[in-house]
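Colleague: Pasting a structure below so you can have a look.
The values are calculated or read from the model by the stated rules, or taken from the named source; none is laboratory data. Quick caveat, the model's predicted, so the values are computed rather than measured. The protein model used for the area step is the full one, side chains on, heavy atoms only, and it has no ligands, DNA or RNA in it. Shrake-Rupley method; radii C 1.70, N 1.55, O 1.52, S 1.80 Å.
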Amino acid sequence: MNNNEIIMDLEDYKSILTHNGRIDGIVGICKINEFNKLLDESLKKSLSKAKALTIRFGFHKNQSLFIISNYVSEIHDLTNVDTDIIFGTEHIDDIDENLLRFEIIVTGIEWFEI
């Protein structure tokens with residue numbers, strides 16, 4: 001592990017899954033500068049009602065953590081102030097420098113809108 005990696009483990013996932021409610025999320029790979037386009041209105045709505053979420057990014061070791069930090073901030077801005085957020089990163093040696101692997105799991109979403 002180097003200082004640009006933040007390791008997530010099973011306990012992190014268990015922690016967010018303790019929240020009652022619906023689960024939503026998105027997993028995939030995209031060009032780094034196109035990640036925001038993947039956050040559709042449905043996921044944004046889920047983020048705004050979430051009690052907890054995990055965000056994990058995988059990227060090439062030559063890529064700047066600054067870009068990843070900006071994406072985490074943008075996701076954080078879509079959540080409630082009380083939402084538990086767990087964030088992780090990992091370097092992937094065999095990924096193109098311009099690609100980003102991502103996983104966002106959103107939990108504790110109320111079943112019914114009031």
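Colleague: Of the residues that sit in segment 35-59 and are among the charged types (D, E, K, R) and within 18 Å of residue 80 (Cα to Cα), which one is modelled with the highest pLDDT? Step through it out loud before you land on a result.
Modeller: Of all residues in segment 35-59, those among the charged types (D, E, K, R) come to 37, 40-41, 44-45, 49, 51, 56.
Going one step further and asking which of them are within 18 Å of residue 80 (Cα to Cα), we end up with 40-41, 44-45, 49, 51.
Working: 40: 86, 41: 87, 44: 92, 45: 92, 49: 93, 51: 96.
Ranking the qualifying residues of segment 35-59, first place goes to 51.
Colleague: What are the residues in segment 45-92 that are part of a loop (DSSP other than H, G, I, E, B), hydrophobic (A, V, I, L, M, F, W, C) and open to solvent by 30 Å² or more (accessible area, probe 1.4 Å), if any?
Modeller: The answer is 78, 81.
Colleague: Now, a different point. Based on what the data block shows, is residue 42 open to solvent by 60 Å² or more (accessible area, probe 1.4 Å), closer than 30 Å to residue 96 by Cα and among the hydroxyl-bearing types (Ser, Thr, Tyr)? First the steps, then the outcome.
Modeller: Details: open to solvent by 60 Å² or more (accessible area, probe 1.4 Å): yes; closer than 30 Å to residue 96 by Cα: yes; among the hydroxyl-bearing types (Ser, Thr, Tyr): yes.
It is true that residue 42 is open to solvent by 60 Å² or more (accessible area, probe 1.4 Å), closer than 30 Å to residue 96 by Cα and among the hydroxyl-bearing types (Ser, Thr, Tyr).
Colleague: Going by the structure shown, is residue 29 over 16 Å from the mean Cα position of the chain (by Cα) and not aromatic (Phe, Trp, Tyr)? Even if it seems obvious, please write down each step before you answer.
Modeller: Working: over 16 Å from the mean Cα position of the chain (by Cα): no; not aromatic (Phe, Trp, Tyr): yes.
Criteria not met by residue 29.
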